[in-house]
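A quick write-up on the structure given underneath.
The values are calculated or read from the model by the stated rules, or taken from the named source; none is laboratory data. Source: prediction; values computed, not measured. Cβ placement follows ideal geometry from the backbone for every residue including glycine, while neighbour counts extend to all protein chains displayed.
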Amino acid sequence: MSVIKLSDQALDQLFRLAHTHYAWLPDREVSNETLQELYQLVRMGPTSANGQPMRLLFIKSLAAKERLKPYLAPANVAKTMSAPVIVVVAHDLEFYEKLPALNLAVDARPWFAGNPNLIQETAFRNSSLQGAYLILAARALGLDCGPMSGFDAGGVDQEFFADVSWRSNFLINLGYGDTSKAHPRQPRLTFGEACKIL
Ligand SMILES: Cc1cc2nc3c(=O)[nH]c(=O)nc-3n(C[C@H](O)[C@H](O)[C@H](O)COP(=O)(O)O)c2cc1C
């Protein structure tokens, strides 16, 4: 495969014209097949030692949304409950148990076993990265996202992950956004403000 710079149209869709969305086209559902297609892209993004600690809970049913509702910050309730899908981006604190199957080049499991600080740091860093891959993969598929950290993560963990070692990181509302209701673009830092070249 020859690698080329993406077209302006693709860069606009992924970055320049893409917005965080809070309102959703009511007649556009997100099929389970689309969620499968989305994950097939997301899983290809790089993670440290190929550990892939992110776990995803896709909340689609009204019953599951009602279970999530009490843990949302009040300002996030309406925009979340109206989304076709709410993705709980989580990480598995036992992700390292899968390393022998995921990394055939090095025995990385012993780096983590019995080291809770490194487990937490690695799981959080990489699930945050994988959540960002999800946002961009969703945009590449023509979907829109509304990422959110305004929620009670401990409460969500008790409600949905009581019997597993998953811990929630952040939420992503997912659907086809109502562009007429997108917020105006807020300023971005310039290269000079955010970057240094040594
Ligand atoms: C990790 C994360 C957490 C966020 N949490 C919230 C939130 O709790 N509530 C909310 O209304 N917006 C939330 N946002 C949305 C941001 O404010 C928004 O993405 C940012 O202002 C950029 O907007 P734009 O994509 O339209 O330029 C969050 C975004 C990210 C990436």
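ALA137 satisfies every condition listed in (1) buried (at least 16 other Cβ atoms within 10 Å of the Cβ); (2) over 27 Å from TYR176 (Cα atoms); (3) out of contact with any Ser or Thr (no Cβ under 9 Å at 6 or more places or on another chain); (4) not hydroxyl-bearing (Ser, Thr, Tyr) except (2).
Within this structure, ASP27 fails the test of being within 16 Å of the ligand (Cβ to nearest atom) and of a type in the set (Asp, Glu). Taking residues in region 141-165 that are among the hydroxyl-bearing types (Ser, Thr, Tyr) and part of a loop (DSSP other than H, G, I, E, B), and partners anywhere that are within 16 Å of the ligand (Cβ to nearest atom) and at pLDDT 95 or above, the pairs with Cβ atoms closer than 8 Å and at least 6 places apart or on different chains are SER149/PHE170; SER149/LEU171. For region 144-165, a residue qualifies if it is more than 12 Å from the ligand (Cβ to nearest atom) and either closer than 22 Å to THR47 by Cβ or not aliphatic (A, V, I, L, M) (or both), and the qualifying residues are GLY154, GLY155, ASP157, GLN158, GLU159, PHE160, PHE161, ASP163, VAL164, SER165.
Conditions tested, residue by residue: (1) within 24 Å of PHE160 (Cβ to Cβ); (2) in contact with a Lys or Arg (Cβ under 7 Å, 6 or more places away or on another chain).
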residue	(1), (2)
ALA18	no, yes
HIS21	yes, no
ASN32	yes, no
ALA78	yes, no
ALA83	yes, no
ALA90	yes, yes
LEU93	yes, yes
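Can you pull out every residue in region 155-174 that is farther than 18 Å from ALA73 by Cβ and either in contact with a helix residue (DSSP H, G or I) (Cβ under 9 Å, 6 or more places away or on another chain) or surrounded by 17 or more Cβ atoms within 10 Å (Cβ to Cβ) (or both)?
First pass over region 155-174, keeping only residues farther than 18 Å from ALA73 by Cβ: 161-167, 174.
Within region 155-174, PHE161, SER165, TRP166, ARG167, LEU174 qualify.
Within region 166-196, the set of residues being among the aliphatic types (A, V, I, L, M) and within 11 Å of the ligand (Cβ to nearest atom) comprises LEU171, ILE172, ALA182.
Contact map, region 106-132: residues that are away from the ligand (no atom under 16 Å from the Cβ) paired with residues that are β-branched (Val, Ile, Thr), Cβ distance under 9 Å, separation 6+ or inter-chain. Pairs shown: TRP111/THR122; PHE112/ILE119; PHE112/THR122; ALA113/ILE119; THR122/THR47.
One residue is enough: does region 92-101 have a residue meeting the conditions within 13 Å of the ligand (Cβ to nearest atom), surrounded by 15 or more Cβ atoms within 10 Å (Cβ to Cβ) and either β-branched (Val, Ile, Thr) or within 24 Å of TYR39 (Cα to Cα) (or both)? Steps first, please.
Our first condition is that a residue be within 13 Å of the ligand (Cβ to nearest atom); within region 92-101, this holds for none.
No, that holds for no residue.
For region 63-114, the candidate set comprises residues that are acidic (Asp, Glu) and in contact with a Pro (Cβ under 8 Å, 6 or more places away or on another chain); within that set, the residue that is farthest from GLY175 (Cα to Cα) is ASP107. Candidates ALA138, ALA123: the one that is assigned to a helix (DSSP H, G or I), in contact with a Pro (Cβ under 8 Å, 6 or more places away or on another chain) and under 24 Å from ARG67 (Cβ atoms) is ALA123. Taking region 55-78, which residues are within 14 Å of the ligand (Cβ to nearest atom) and surrounded by fewer than 17 Cβ atoms within 10 Å (Cβ to Cβ)? Residues satisfying the conditions are ALA73, PRO74, ALA75, VAL77, ALA78.
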